[in-house]
Amino acid sequence: MKKTLITLTLCGLTLIAKSQNTSVEKSIFGLQTGVLGIWAYNEAKLSNTIALRTELGFDFGVWESTFYDDYDSPFLLTPVIVVEPRLYYNLKKRSENLKPIDGNSGNFIALKMGYHPELALFNTDDAPVVSDFSIIPTLGIRRHIGKHFNFEAGLGAGFSYTYAKRAGYSKNKSEMELNMHLRIGYKL
């Protein structure tokens with residue numbers, strides 16, 4: 001009986017210790033690429049389930065809007081700055097089911113806030129670059145493949161505001177914007 005109680009106590013302590021370690025990682029640096037861009041990111045731990053993602057990168061785009069109708073080559077490469085708090089809501093469940101949570105592998109809800117400045121590469125027609133700001137709630141997943149590689153997918157809809165007056169247009173523009181991303185990355 002004594003051995004059984006000692007065994008159960010040690011197992012219970014092991015489970016308690018394991019549940020206390022279920023958390024997002026303290027800090028993650030990495031690179032990701034997708035169909036329309038390349039980005040460097042950092043995720044910093046704010047709490048056991050919340051991380052603040054900051055991102056610098058380049059978004060590729062083929063712009064088909066009223067801002068670029070008068071130009072022959074609407075392909076642009078624009079820098080983007082993103083700040084995105086993420087709530088990883090299923091880390092504890094994944095850990096209890098013995099699924100990996102390293103590298104913040106889990107499902108998340110995020111509030112993506114992005115800014116494209118008035119700067120572009122491959123702007124061969126010297127089209128006026130129009131900056132914009134967006135806020136997009138996003139639902140997504142991240143999974144790690146091996147020690148360093150990961151993939152991520154997300155879907156969301158939100159609001160964007162385009163500063164068209166700065167580029168010489170008659171008025172600014174606000175509209176609904178979608179965030180659909182599928183990325184492959186490397187954790188440094």
Pull up the range 68-89, narrow it to residues that are more than 23 Å from residue 58 (Cβ to Cβ) and at pLDDT below 95, then point me to the one that is nearest to the chain's Cα centre (by Cα). 69
Filter the range 51-67 down to residues that are open to solvent by 60 Å² or more (accessible area, probe 1.4 Å) and assigned to a strand (DSSP E or B) and give me whichever is modelled with the lowest pLDDT. 62
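Of 172, 179, which residue is open to solvent by less than 70 Å² (accessible area, probe 1.4 Å), in contact (Cβ under 8 Å) with a residue 12 or more places away in the chain and among the polar types (S, T, N, Q)?
Exactly one of 172, 179 is open to solvent by less than 70 Å² (accessible area, probe 1.4 Å), in contact (Cβ under 8 Å) with a residue 12 or more places away in the chain and among the polar types (S, T, N, Q), namely 179.
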Identify, from the list 139, 178, the residue that is farther than 21 Å from residue 79 by Cβ and assigned to a strand (DSSP E or B). 139
Where residue 98 falls short, out of the listed (1) free of Cβ contacts under 8 Å to residues at least 12 places away in the same chain; (2) surrounded by 20 or more Cβ atoms within 10 Å (Cβ to Cβ); (3) aliphatic (A, V, I, L, M): (2)
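Looking only at the range 39-49, count how many residues are over 12 Å from the mean Cα position of the chain (by Cα) and either exposed (fewer than 15 other Cβ atoms within 10 Å of the Cβ) or within 19 Å of residue 114 (Cβ to Cβ) (or both).
4
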Single residue of the range 113-129 satisfying the filter (open to solvent by 40 Å² or more (accessible area, probe 1.4 Å) and modelled with pLDDT of 95 or more) that is farthest from residue 159 (Cα to Cα): 115
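The values are calculated or read from the model by the stated rules, or taken from the named source; none is laboratory data. Everything numeric here is computed off the predicted structure, so don't read it as measured data. Note that each Cβ is placed from the backbone with ideal geometry, even for glycine, and that neighbours are counted across all protein chains shown. Heavy atoms of the whole protein, side chains included, go into the accessibility calculation; ligands, DNA and RNA do not. Shrake-Rupley method; radii C 1.70, N 1.55, O 1.52, S 1.80 Å.
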